[in-house]
Amino acid sequence: MKFIAVTACPTGIAHTYMAAENLEKTAKELGHTIKVETQGAMGIENELSAEDISGADALILAADIMIENGERFDNIPKIEVPVQLALKDPKSIFAKKPC
């Protein structure tokens, strides 16, 4: 599957980026493709384009805060999880069915 993801935590420092790395690593291990946008202390980084969004099968939203520009993802199936799950058990995220 082709995934996109957004990671964001309240402080927007370590956990945001660690979650992104874990999702990228796990997607590769499982044979998926993924592009991850981070919303942290530096603002939006690696922003997902309209093309990225329209070409994806599902969005993984690993966030503990309201993300910026979330309306971009209104029409895509989502898997919403806390950031901690992306840190501790990212494989379980890819096993979930998008809603």
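Annotations for the structure displayed:
- HN-Hα J in Hz across the range 19-30 - Karplus 6.51, -1.76, 1.60, θ = phi - 60°, x for Gly and Pro: 5, 4, 4, 5, 5, 5, 5, 5, 4, 4, 4, 8
- Residues whose placed amide H lies under 5 Å from that of residue 35, excluding near-sequence neighbours: 3, 4, 5
- Length-normalised contact order of the range 2-93 in % [C-alpha pairs under 8 Å, at least 6 apart]: 36
- Table column - 3J(HN,Hα) (Hz), the range 74-85, Karplus curve with 6.51, -1.76, 1.60, x for Gly and Pro: 4, 9, 10, x, 10, 10, 9, 9, x, 4, 4, 5
- Beta bridges from DSSP with both residues in the range 2-99: antiparallel share about 15 percent, rounded to the nearest 5.
- Over the chain, dividing the summed -39,500 (n - 2.57) contributions of all DSSP H runs of at least 4 residues by the number of residues returns a 222 nm mean residue ellipticity of -9500 deg cm²/dmol.
- For residue 63, distant residues with modelled amide H under 5 Å away: 8, 81, 83
- When Rg and Dmax are taken over the Cα atoms of the chain, they come to 11.9, 31 Å.
None of the figures in this text is laboratory data; all of them are computed from the coordinates on show. Just so you know, these numbers come straight off a predicted model, no measurement behind them.
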